[in-house]
Amino acid sequence: MNETYRDALRNNMDVRSISTSRLDWSEDTLAIGVFESEVELTGDLATLDQKFAGVLKELITEMEFKGKSGSSVVTRVGSGQSVRKVMFLGLGQPETLTLDGLRQAAASAARLATKEKSQVLGLSLPPWQNDAALTAGAIVEGLVLALHQDQRFKSEEDSAPKLQRVELLGLGEQDAAIAQAQKICEGVILARELVAAPANVVTPGKLAETAEQIAHECGLELEILETEDCEKLGMGAFLGVSHASDLPPKFIHLTYKPNGTPRRRLALIGKGVTFDSGGLNIKGAGSGIEMMKTDMGGAAAVLGAAQVLGRLKPGVELHFIVAATENMISGRAVRPGDILTASNGKTIEVNNTDAEGRLTLADALVFAEKLGVDAIVDLATLTGACVVALGDGIAGLWSSSDGLAAELAQTAELTGEKVWRMPLEEKYLSLIKSPIADLKNSAGRAAGAITGALFLKEFVKETAWAHLDVAGTVWADKEDGYNSAGATGYGVRLLVNWALLEGAEAGKSDG
Ligand code: BES
Ligand code: MN
Ligand code: ZN
């Protein structure tokens, strides 16, 4: 796999859950989560304060620490103590604590510990809803994802001291949960690094190679359709987009089959436009064209999830699909007004070459449905309109199945990858009807994210389907919790946990 992220993980700290209490723990830095009601320091926290000669009480008073969610304070405790520093992490009120709140608390502990030059961290956070395994997993995610740094394109290595070891206190033995969370983080980091790498590095060929490495490592089946193969399948919409690029498109299909009869059969599709210039409707100044290396964020999430699920081996059959291409300009480019025919026979008037994602996804959706799966989920950096509607912190969710939409929303609640369900308003379908062909690929500014979703829906006949518009969420301008500034790896944890849920609760959904 990608050497750099392997390195990052190798240097990465070791996390373990131990039975030592926070009163007895005696290494470098002790971090303790406290609710607002606990800042008076009673019980074992009072004992701990005595042990450190009242320094903790002083810290709380001096810094006016109220235990508010997201707040933190740190102090050096007196010399002669084996613990060097103590930090408090505010958790707000117990009723409003979420699993993601604990993930965020772990992230701030990791960041603060690094800033304080701590090498060993003891972390005491309460179990969420008495589920110590789920909590340990979320904490590992918060720690590892907050500390991941992408140094691949720097010529000099960052030599700052790194946190070496984290010991989780008070959660019991959690080896399995920790190991699973580490694997999940590796998938998120793979996705982040695919998105963050520029378009001259992550090409359609590079996405195909990544799929090949995953297939090789995890024993998945791999099918790469070249241009001629796509032509035979009639994928005119996808190929139209690829036409102007000097780089050959790759239609990637990875398959994971469990031992025995699969409980469900699922397809995960990611938009894989490795660079979106807009085509002949070229993106102008101020359009964010320099960020269009991120237009394969959906594909990155799907490949990240493939790596994780290929290692975890759940009882569901999984198809990972990416129609990878660039959207470029040249004499061979699809022209505004050209008509393309997709693999289900539908004709599309390309009235805007910058609405290319839906063209690539049209053929991917048709391909997925032909596999006879029980559900299809696509992730796509599809529209700027979705960013206008929901910002960079929430993905739009559209689904033809209430059951599938509910499952994804519930999963997102746990993983902290926010989604908001949007309507598939039938009335707006008229906006993407073409006078000359069956459909046109772009409508006006009004309801731009919805008309994008409605266009995709035209390529799914009866399979339960959900679409996530991740145009805003794949990238963060500023550091926030366990997301550093840059690629977020959004969607990997959502897809992984949803697939695991489908394996555990097969058939519960209506879709
Ligand atoms: N890749 C873009 C969408 C996008 C915008 C992603 C901002 C990330 C950040 C997509 O291909 C696109 O260009 N969409 C057009 C659609 C329009 C022409 C109907 C858009 O959003 O303007
Ligand atoms: Mn575009
Ligand atoms: Zn695009």
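General remarks:
- Cα long-axis angle, helix 132-147 against the chain (0 to 90 degrees, to the nearest 10): 80 degrees
- Crossing angle, helix 492-504 versus the chain [Cα axis fit, 0-90 degrees, rounded to tens]: 90 degrees
- Accessible surface for ASP295 stands near 0 Å², nearest 10, in the context of the full protein assembly shown (1.4 Å probe).
- Estimated FRET transfer efficiency when R0 is 22 angstrom, pair LYS117-ASP24 (beta carbons, to 0.05): 0.40
- Estimated at 0.36 nm per residue, the fully extended path between GLN164 and THR261 surpasses their Cα-Cα distance by 30.7 nm.
- Ordering of 27-35, 299-307, 364-372, 62-70 by burial proxy (mean other Cβ atoms within 10 Å per residue, highest first): 299-307, 27-35, 364-372, 62-70
- From its DSSP helices (H runs of at least four residues, each -39,500 (n - 2.57)), the chain gives a residue-normalised ellipticity at 222 nm of -11000 deg cm²/dmol.
- Euclidean distance of C-alpha centroids, the stretch 215-282 and the stretch 426-464, integer Å: 22 Å
- Environment charge of LEU171, counting only residues whose C-beta is closer than 15 Å and scoring Lys/Arg +1, Asp/Glu -1: -2
- Relative packing of peptides 282-289, 184-191, 263-270 - highest average C-beta neighbours within 10 Å first: 184-191, 263-270, 282-289
- log10 of Debye I(q)/I(0), alpha-carbon scatterers only, for the chain at 0.09 Å⁻¹: -0.64
- If you take the Cα centroid of the stretch 317-382 and the Cα centroid of the stretch 12-83, the two points sit 54 Å apart.
- GLU212-GLU40 pseudo-label distance in nm [points 7 Å out on the Cα-to-Cβ vector]: 6.6 nm
- Violating pairs (Cα-Cα greater than 22 angstrom) within the set LYS154/LYS478; LYS271/LYS418; LYS250/LYS283; LYS85/LYS117; LYS346/LYS427; LYS433/LYS461: LYS250/LYS283
- Heavy atoms of VAL15 accessible to a 1.4 Å probe, total area in Å² rounded to 10: 10 Å²
- Extension gain, GLN149 back to THR347 (0.36 nm per residue minus Cα-Cα distance, nm): 66.8 nm
- Across the chain, the mean sequence separation of Cα contacts (distance under 8 Å, 6 or more residues apart), normalised by length, yields a relative contact order of 15 percent.
- Cα long-axis angle, helix 99-115 against the chain (0 to 90 degrees, to the nearest 10): 70 degrees
The values are calculated or read from the model by the stated rules, or taken from the named source; none is laboratory data. Being a predicted model, the structure only gives us computed values, none of them experimental. No Cβ is skipped: glycine too gets one built from the backbone with ideal geometry, and neighbour counts run over all protein chains shown. These accessible areas exclude ligands, DNA and RNA; they are computed on the full protein's heavy atoms, side chains included. Shrake-Rupley method; radii C 1.70, N 1.55, O 1.52, S 1.80 Å.
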